[in-house]
């Protein structure tokens, strides 16, 4: 007896089923990789010459700082490091709030911790720009007006090109910017992208990274 021929009407259905199975398998394989890419966990390295007493880390789109990562009386000494675990699907953009012994508080905003797995406190944050090989290809005038919207005078201000590893000199030269006041900051041409650090007289500090100052006339801190 001859072997019955396979009916051609089943072939499209079989192809569709095989294609669907292939897509499902690809989705399952790609899912963990995408989740891992969005895991913003990082290693915090303290080179501030101060002891860190409290540390908060949260995604930039979260309104709450969350729990103290150094709870239970722990501290992070100078030259110490700490593995900071973030939610696996929390994204790469991370805000930090750091409280040092003596009362000084520092905030770092919008760090790409998927690119910068080592976040060093005490040096300008690179936010992945230097590690990814990006260069400052612009040239222009980065000078601007520094506006202090806080109730405390600005005691120190630093502006470092993003391709340098040192904050350099205090741009206020020992002066201050009074509360609700402003001051013109003159910077040499040749670079546009800067890391910035502001220290208020009450001990609070804030950093901003990879700011294109050639596109800014007034820059406010509060």
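The values are calculated or read from the model by the stated rules, or taken from the named source; none is laboratory data. Keep in mind that what you see is a predicted model, and the values were worked out from it rather than measured. Backbone-built Cβ (ideal geometry, glycine too); neighbour counts: all protein chains shown.
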Among residues belonging to the stretch 191-209 that are crowded, with 20+ Cβ neighbours inside 10 Å and part of a loop (DSSP other than H, G, I, E, B), point out the one that is modelled with the highest pLDDT.
192
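Modelled with pLDDT of 50 or more and touching a helix residue (DSSP H, G or I) at 6+ places or on another chain (Cβ under 7 Å): is that true of residue 88 in this structure?
Spelling it out, residue 88 is indeed modelled with pLDDT of 50 or more and touching a helix residue (DSSP H, G or I) at 6+ places or on another chain (Cβ under 7 Å).
For the stretch 63-77, give me each residue that is part of a loop (DSSP other than H, G, I, E, B) and touching a residue at least 24 places away in the same chain (Cβ under 8 Å). It would help to see each step written out before you state the result.
Taking the stretch 63-77 and keeping what is part of a loop (DSSP other than H, G, I, E, B), we get 63-75, 77.
Within the stretch 63-77, 65, 75, 77 meet the criteria.
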Take residue 71 and tell me if it is closer than 21 Å to residue 205 by Cα and exposed (fewer than 15 other Cβ atoms within 10 Å of the Cβ).
no
Members of the stretch 111-142 that are closer than 26 Å to residue 182 by Cα, at pLDDT 75 or above and crowded, with 16+ Cβ neighbours inside 10 Å:
142
Can you tell me which residue is nearest to residue 121 (Cα to Cα) among those in the stretch 163-181 that are in contact with a strand residue (DSSP E or B) (Cβ under 8 Å, 6 or more places away or on another chain), loosely packed, with under 15 Cβ neighbours inside 10 Å and modelled with pLDDT under 90?
166
Exactly one of (1) closer than 30 Å to residue 218 by Cα; (2) surrounded by 18 or more Cβ atoms within 10 Å (Cβ to Cβ); (3) at pLDDT 85 or above is unmet by residue 64. Its number?
(2)
